[in-house]
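Enquirer: Please read through the structure below; I'll follow up with questions.
The values are calculated or read from the model by the stated rules, or taken from the named source; none is laboratory data. Because the structure is a prediction, the values reported are computed rather than measured. Quick reminder, even Gly has a Cβ in these numbers, built from the backbone with ideal geometry, and neighbours come from all protein chains shown.
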Amino acid sequence: MVTRPMPVLGLRPGDQVRQPCGAWLTVGRRPRPSRTGAVLTWLYQGGGIGQADWLDLVPCRPDTRRKGAS
């Protein structure tokens, strides 16, 4: 599976994001802005929470089941 940097705004449920510890977590819900709008927050399947700035890139393996995924 291809790993590539993906904009946080492009994350979709089913994508996998690499954590600093080396684990891959599957996105459960699309990123949403915080109350101040400075940070995006999303949920992982199984209960984790991810956060990043609006324009950050995250190491990602796109969901291969999604139409048009590479």
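Enquirer: Output the residues belonging to region 42-65 that are charged (D, E, K, R), over 15 Å from residue 28 (Cβ atoms) and touching a Pro at 6+ places or on another chain (Cβ under 9 Å).
Expert: 56
Enquirer: Collect the residues in region 22-49 that are hydrophobic (A, V, I, L, M, F, W, C) and at pLDDT 90 or above, keeping them in residue-number order.
Expert: Answer for region 22-49, where residues must be hydrophobic (A, V, I, L, M, F, W, C) and at pLDDT 90 or above: 23, 24, 25, 27, 39, 40, 42, 43, 49.
Enquirer: Still on this structure, please answer the following. Can you pull out the residues in region 50-70 that are at pLDDT 90 or above and under 10 Å from the mean Cα position of the chain (by Cα)?
Expert: 50, 51, 52, 57, 58, 59, 60, 61 - these are the residues of region 50-70 that are at pLDDT 90 or above and under 10 Å from the mean Cα position of the chain (by Cα).
Enquirer: Restricting attention to region 1-21, which residues are closer than 17 Å to residue 42 by Cα and touching a residue at least 60 places away in the same chain (Cβ under 8 Å)?
Expert: The answer is none; no residue qualifies.
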